[in-house]
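One structure is given here, and the rest of the page talks about it.
The values are calculated or read from the model by the stated rules, or taken from the named source; none is laboratory data. Since the structure is predicted, the reported quantities are computational estimates derived from the model, not experimental observations. Because the Cβ atoms are built from the backbone with ideal geometry, glycine has one as well, and the counts that use them run over all protein chains shown. These area figures cover heavy atoms from the full protein model, side chains too; ligands, DNA and RNA do not enter into them. Shrake-Rupley method; radii C 1.70, N 1.55, O 1.52, S 1.80 Å.
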Number of protein chains: 2
Amino acid sequence: MTELQNKAVNTIRFLSADAVQKANSGHPGLPMGMAPVAYLLWTEHMKYSPQDPGWPDRDRFVLSAGHGSMLLYAMLHLTGYDLPLDELKRFRQLGSKTPGHPEYGVAPGIETTTGPLGQGFATGVGMAMAADHLAATYNRASYPMVDHAIYAIVSDGDLMEGISSEAASLAGHLQLGRLIYIYDDNHISIDGSTALAFSEDRAARFQAYGWHTVHVEDANDLQAMNQALEEAKLDPRPSLILAHSVIGYGLPTKQGTAAAHGEPPGVEELAGAKRNLGWPVEPSFLIPEDVREHFRTAGRRSNALYNDWQALRTGYARDFPDLAEEFERRQRGDLPVGWEQSLPVFEPDAKGMATRASSGKVLNAIASQLPELFGGSADLTGSNKTDIKGEPAFDHDQPGARYVHFGVREHAMGAILNGLALHGGVIPYGGTFLVFSDYMRGAIRLAALMGVRVIYVFTHDSIGLGEDGPTHQPVEHLAALRAIPNLITLRPADANEVSQAWLAALENKHAPTALALTRQAVPTIDRQRFAPAENLARGAYILADLGESEPQVILMASGSEVSLILEAGETLAKEGMPVRLVSFPSWELFKLQPASYQATVLPPAITARVAIEAGVTMGWERWVGSQGAVLGIDRFGESAPYEEIYTDLGLTAAHVVEQAKSLLAK
Amino acid sequence: MTELQNKAVNTIRFLSADAVQKANSGHPGLPMGMAPVAYLLWTEHMKYSPQDPGWPDRDRFVLSAGHGSMLLYAMLHLTGYDLPLDELKRFRQLGSKTPGHPEYGVAPGIETTTGPLGQGFATGVGMAMAADHLAATYNRASYPMVDHAIYAIVSDGDLMEGISSEAASLAGHLQLGRLIYIYDDNHISIDGSTALAFSEDRAARFQAYGWHTVHVEDANDLQAMNQALEEAKLDPRPSLILAHSVIGYGLPTKQGTAAAHGEPPGVEELAGAKRNLGWPVEPSFLIPEDVREHFRTAGRRSNALYNDWQALRTGYARDFPDLAEEFERRQRGDLPVGWEQSLPVFEPDAKGMATRASSGKVLNAIASQLPELFGGSADLTGSNKTDIKGEPAFDHDQPGARYVHFGVREHAMGAILNGLALHGGVIPYGGTFLVFSDYMRGAIRLAALMGVRVIYVFTHDSIGLGEDGPTHQPVEHLAALRAIPNLITLRPADANEVSQAWLAALENKHAPTALALTRQAVPTIDRQRFAPAENLARGAYILADLGESEPQVILMASGSEVSLILEAGETLAKEGMPVRLVSFPSWELFKLQPASYQATVLPPAITARVAIEAGVTMGWERWVGSQGAVLGIDRFGESAPYEEIYTDLGLTAAHVVEQAKSLLAK
């Protein structure tokens, strides 16, 4: 390490430690240990543009161990991103661009939100898949439009999390050679030595997944790390560089211990570290002038590559105008003009079809118009109806294909969908049973927090799945998804609502959407008689008012239970009780409507309201009010043919009628 | 294979396939492929007692691939458990003892509910930990009271799930030699060949975890399988036997294909299989007399061991009366008489302490009275305050210890807690941040479905955790936990409610309990002035009515926000507005109260109600009613010192006062 390199590395260390100390909160250990690795990546290996952080062909960097956020903030500041030193001084303060963990969209250059361990690891896998797919689709001779790598720093915690195992197995299977992950092998976790709980042979494990692995004995050895990175770039497999580092490097009493991980070092300890490493104790946030210049030079390192790529882009637009237009459109995330014309319209049909089946039809109808649709299923393709007919499986030999067999790996699928969306150029979707949304909540939550367009195809959405029984019957899952801020949950009632649900999901550019779809057939509603399915976009809408006069009672339902209120409504109207029928596919979309629209659908004057849904009743009180009633399932389900379960649990039109009458009698 | 063995194996196959065909629903593939393995386990290897399925020293069998439930039902019936043939004929029918996936408590001999892949794998690890711990605690020379193994059949899907990777890594670390897992390596997943998505070297991966692995080329080769099982028993490491099987063995067109996995074979196909294997096509559910006798003999195989063990038990009670009494009590799951005297009482204190801190104090106060408490944290010991002072770490060299370093493996921890509870003899608890309850929902749900006593210590329960920011701040998690049927969620308001929360959790023998605890300090309420914390058991209770006359408004809150309503209540009362203050630690417990009690706390006549909680508002409408107001956080949090976030998001006493006044003005 040259003197300048040493100063540069220490600058990273102490910018990080000073910020943590000033905030009196944060994680100094990782930045101090891994500063040399970050230094090397940003000065010698990664291509990036601080002036154009969204450059499509940039290398991606993922700090999977997100608690080390100051490392990333330091690098972004030093290399010239729009992240002023003042923001580093406001680390972890209200409204700063430097929150406790890196958040996508808050500071430029943050490729993904990380912190919950394992998420970044798996998200990077999604980014690599997107890059492979887009490269296969758009690269042409002399036009390597997509030619970048995915770097990550991952921690012991990341490797212990199951999501990483899932993602690593799939990455090995797909031979995602773009992945270059550096494992901060510091032998310390929060509870103490990793020997307490983590004694597996990590290199052997990753080799078993089909990864290339290489050891670096000392993270401070720039030459060894450099060589490892070069090896990793050449190897066609994903690479894990196991770098032995010292957590909190330099701290006199805390380095190499769990105490260095997640708390401010303290003034004395920090001063001691500075003295140990030959650094001035004051001023804090010191960036020596030569170091600043060194990093700014590094920040301009890729300028030639950046300019080459812009030239490439121009030539590409000239030589492949159609491809180029599509490539650019997809990069922007815009949908092609008129694509929605391909959305199917379904004829009324009393027998109908399962909404998972209509979803499959919709997907196949729009897939040719939307080449950016890229997705699959966690080994439930036939059940989720997520396949695109004739589309082969995406894999190493066929990266241009866009159907993904994720394997039985729901959590990794969730994070991979995030990585696909974050990379850009694709709109990802993924299917599993609704009940297994539980397995991927960690990733769904991050999708919602980041506001990325991801579409979940959750089928078998209730006791309506029947015989598989309570282990597979979601009951609490609609409520649990609705609880997540910024996630749109859509439970369409029939085939035409399904069509509109895909429309809503695709137009929902800044949030993930969860589609809850039935296993069992539901009638396709006669839209001549009842309001058009386009109203789905408003979250809830009046299907019809039945009866001779103003409605006295409102019946509302989502998904498969809408057919029950249709039946109940007919009965009530026939018996002289005028009734309003409300289809309620999405609480979230309804909440977004103006109060006036909400009051039109649910007039405060009509307090007799019955909601029915094959799930827990929780939260429906908001819509039925104190005088209303909710028919739901506040217990686990049963294993039996589904019609019998519906009857057994009282989810019937007759019960709705009875409830409505009972409310009206009050 | 002898002729009788062959007949016996085919009996298992066709009992399973006939049941699936009759139900017109289910999974014939696994039972038909793995019948020889099950045959061997039940006739040659496992010790069990059909007459006393709860025999503490029985070997445990876990069908992690729960979709193959008919294999298990067939074995239970054939070996003499109280599961009549008629129940097999009612496979997957309403109210039968043979639901689609094995459910704990529904049929005797079902050790755990399985179906969601990976859960059984990880649950077995918990069972082995319990056995190791109890053996170390209670076995004495000549008295091997605890001396059993954990067998499981696991599938491709199980091995793909991250939860299994987590559990396998920990099992290898702990050298849980009791584990003998047989991997149904049939090369088929639902989407088709495992080559589509699962090409890792499974044996190498498990070796990297520290497991012993052995291949069996043909699952029908009883001799090879027998030898593998013997090897596994002798090896001190956990064992994975990779058994190459043929899914749907015998089915003329479907065997070895995904079509054999999860649907009825069809009448013709099933008849063809019977002909292929020399089996009469009719009658279905055939059990030849010699086969029946053979299995009944197998069911009596362990009688001698059983009787020996009962003799051991008697001798143990004589030679080690105190140990024996404790052992028996713990097996029953009863708490020691008077243990609750050890629960601490905390003095009023305006400064107070974090509820995670009081939880740590409570745990340490009761730990010596409750040797059955066994748990730990997913690498957040210091944060969760889950450690028992002076208690060493449970590991291979110290299995008598009862503190577990789970590593950063929340999902496996959840399932291991289930396994510990199911094994019996311990009461398990596990800690992580509340936000990471997301990572373990799959396991929490099964705990609730099974009704096992598991205690979750979820700390850092809101934006009150401050600077770590939105990735670590639970917002939707209380709602998401409350949505799960049969799970008790408890968010105590102060140290004395924490004490009572542990009491409730421990007395809650047939359901899991989630404790939501603060990172930040909360005042310890003066119980001379306000109602006793013992009221926590009722879910919600009147802390006090403040003011000169009957209350006009009700303020309610849980956890850390109770201090805000106390402050707001004082203000309102001073300003002449009489107010009721309700502490609301648990919706679930309150719902269990008689309507009369509920109406006493929340009289219908008082419609001006304000609830405040640092989480999504969803569901609080039920308690505040249509005229009420809820102050909550229907968005993600912020990274900042926590007091600033509370103010920024309007969670203040002043805002409560304002809302109350606004409601009263209506």
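Listing for the model above:
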read-out: Count of the stretch B:615-666 residues which are touching a residue at least 12 places away in the same chain (Cβ under 8 Å), touching a strand residue (DSSP E or B) at 6+ places or on another chain (Cβ under 8 Å) and not aromatic (Phe, Trp, Tyr); value: 18
read-out: Subset of the stretch B:342-374 [farther than 24 Å from B:ALA131 by Cβ, open to solvent by 40 Å² or more (accessible area, probe 1.4 Å) and among the polar types (S, T, N, Q)]; value: B:ASN364
read-out: Contacts under 9 angstrom Cβ, first residue in the stretch A:284-303 being more than 20 Å from A:LYS89 (Cβ to Cβ) and open to solvent by 60 Å² or more (accessible area, probe 1.4 Å), partner of a type in the set (A, V, I, L, M, F, W, C) and part of a loop (DSSP other than H, G, I, E, B), 6 or more apart; value: A:ARG301/A:MET46
read-out: Selection within the stretch B:513-530 - part of a loop (DSSP other than H, G, I, E, B), open to solvent by less than 40 Å² (accessible area, probe 1.4 Å) and either under 25 Å from B:ILE463 (Cα atoms) or without any contact (Cβ under 8 Å) to a residue 40 or more places away in the chain (or both); value: B:LEU517, B:THR518, B:GLN520, B:ILE525
read-out: Failed criterion for B:ALA135 (all others in (1) more than 14 Å from chain A (Cβ to nearest Cβ); (2) open to solvent by less than 10 Å² (accessible area, probe 1.4 Å); (3) part of a helix (DSSP H, G or I); (4) aliphatic (A, V, I, L, M) hold); value: (2)
read-out: Some residue of the stretch B:168-181 being open to solvent by 30 Å² or more (accessible area, probe 1.4 Å), within 14 Å of another protein chain (Cβ to nearest Cβ) and under 30 Å from the mean Cα position of the chain (by Cα); value: yes
read-out: The stretch B:413-432: number of residues that are in contact with a Ser or Thr (Cβ under 6 Å, 6 or more places away or on another chain) and assigned to a strand (DSSP E or B); value: 1
read-out: Hey, B:GLY266 surrounded by 17 or more Cβ atoms within 10 Å (Cβ to Cβ) and either at pLDDT 95 or above or in contact with a Phe, Trp or Tyr (Cβ under 9 Å, 6 or more places away or on another chain) (or both) or not; value: no
read-out: Condition met for A:LEU176 (under 30 Å from B:GLY376 (Cα atoms), part of a loop (DSSP other than H, G, I, E, B) and among the aliphatic types (A, V, I, L, M)); value: no
read-out: Subset of the stretch A:473-507 [of a type in the set (A, V, I, L, M, F, W, C) and in a helix (DSSP H, G or I)]; value: A:LEU478, A:ALA479, A:ALA480, A:LEU481, A:ALA495, A:VAL498, A:ALA501, A:TRP502, A:LEU503, A:ALA504, A:ALA505, A:LEU506
read-out: Every residue from the stretch A:456-494 that is open to solvent by 10 Å² or more (accessible area, probe 1.4 Å) and at the interface with chain B (Cβ under 8 Å from one of its Cβ atoms); value: A:GLU467, A:ASP468, A:HIS472, A:ARG482, A:PRO485, A:ASN486
read-out: Residues of the stretch B:545-573 satisfying the condition of being out of contact with any Gly (no Cβ under 7 Å at 6 or more places or on another chain) and among the small types (Gly, Ala, Ser); value: B:GLY547, B:SER549, B:ALA557, B:SER558, B:GLY559, B:SER563, B:ALA568, B:GLY569
read-out: Residues (polar (S, T, N, Q), within 14 Å of chain A (Cβ to nearest Cβ), in contact (Cβ under 8 Å) with a residue 40 or more places away in the chain and over 11 Å from B:ALA23 (Cα atoms)) located in the stretch B:69-97; value: B:SER69
read-out: Candidates A:PHE436, A:PHE458 - the one that is at negative phi and in a strand (DSSP E or B); value: A:PHE458
read-out: Condition met for A:VAL246 (of a type in the set (A, V, I, L, M), more than 13 Å from every other protein chain (Cβ to nearest Cβ) and open to solvent by 50 Å² or more (accessible area, probe 1.4 Å)); value: yes
read-out: Qualifying residue in the stretch A:144-152 (condition: within 11 Å of chain B (Cβ to nearest Cβ), in contact with a strand residue (DSSP E or B) (Cβ under 6 Å, 6 or more places away or on another chain), assigned to a strand (DSSP E or B) and crowded, with 24+ Cβ neighbours inside 10 Å); value: no
read-out: Residue that is farthest from the other protein chains (Cβ to nearest Cβ), among those in the stretch A:203-220 that are open to solvent by 30 Å² or more (accessible area, probe 1.4 Å) and in contact (Cβ under 8 Å) with a residue 24 or more places away in the chain; value: A:ASN220
read-out: When residues of the stretch B:389-412 are limited to those that are closer than 10 Å to B:LEU174 by Cα and in a loop (DSSP other than H, G, I, E, B), the one most open to solvent (accessible area, probe 1.4 Å); value: B:ASP397
read-out: Residue list for the stretch A:53-89, restricted to those being basic (Lys, Arg) and crowded, with 19+ Cβ neighbours inside 10 Å; value: A:ARG58, A:ARG60
read-out: Residue identified as open to solvent by less than 10 Å² (accessible area, probe 1.4 Å), of a type in the set (Asp, Glu) and over 29 Å from the mean Cα position of the chain (by Cα) among B:GLU497, B:GLU567, B:GLU561; value: B:GLU561
read-out: Residues (among the polar types (S, T, N, Q) and within 21 Å of B:HIS244 (Cα to Cα)) located in the stretch B:12-50; value: B:SER16, B:THR43
read-out: Checking B:THR112 against (1) within 18 Å of B:GLY414 (Cα to Cα); (2) in a helix (DSSP H, G or I); (3) more than 8 Å from chain A (Cβ to nearest Cβ), the condition it does not meet; value: (2)
read-out: Count of residues meeting criterion [in contact with a Lys or Arg (Cβ under 7 Å, 6 or more places away or on another chain), of a type in the set (A, V, I, L, M) and closer than 14 Å to B:HIS27 by Cα] in the stretch B:223-279; value: 1
read-out: Selection count, the stretch B:613-650, where residues are under 15 Å from A:TRP623 (Cβ atoms), at pLDDT 95 or above and at the interface with chain A (Cβ under 7 Å from one of its Cβ atoms); value: 5
read-out: Where A:TYR429 falls short, out of the listed (1) more than 8 Å from chain B (Cβ to nearest Cβ); (2) over 20 Å from A:LYS361 (Cβ atoms); (3) open to solvent by less than 10 Å² (accessible area, probe 1.4 Å); (4) under 11 Å from the mean Cα position of the chain (by Cα); value: (2)
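Yes/no matrix, rows are residues, columns are (1) modelled with pLDDT under 95; (2) within 23 Å of the chain's Cα centre (by Cα); (3) aliphatic (A, V, I, L, M); (4) not in a helix (DSSP H, G or I):
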{"site": "A:GLN21", "(1), (2), (3), (4)": "no, no, no, no"}
{"site": "A:ALA35", "(1), (2), (3), (4)": "no, no, yes, no"}
{"site": "A:PRO53", "(1), (2), (3), (4)": "no, yes, no, yes"}
{"site": "A:ALA74", "(1), (2), (3), (4)": "no, no, yes, no"}
{"site": "A:HIS77", "(1), (2), (3), (4)": "no, no, no, no"}
{"site": "A:ASP82", "(1), (2), (3), (4)": "no, no, no, yes"}
{"site": "A:PHE91", "(1), (2), (3), (4)": "no, no, no, yes"}
{"site": "A:PRO102", "(1), (2), (3), (4)": "no, yes, no, yes"}
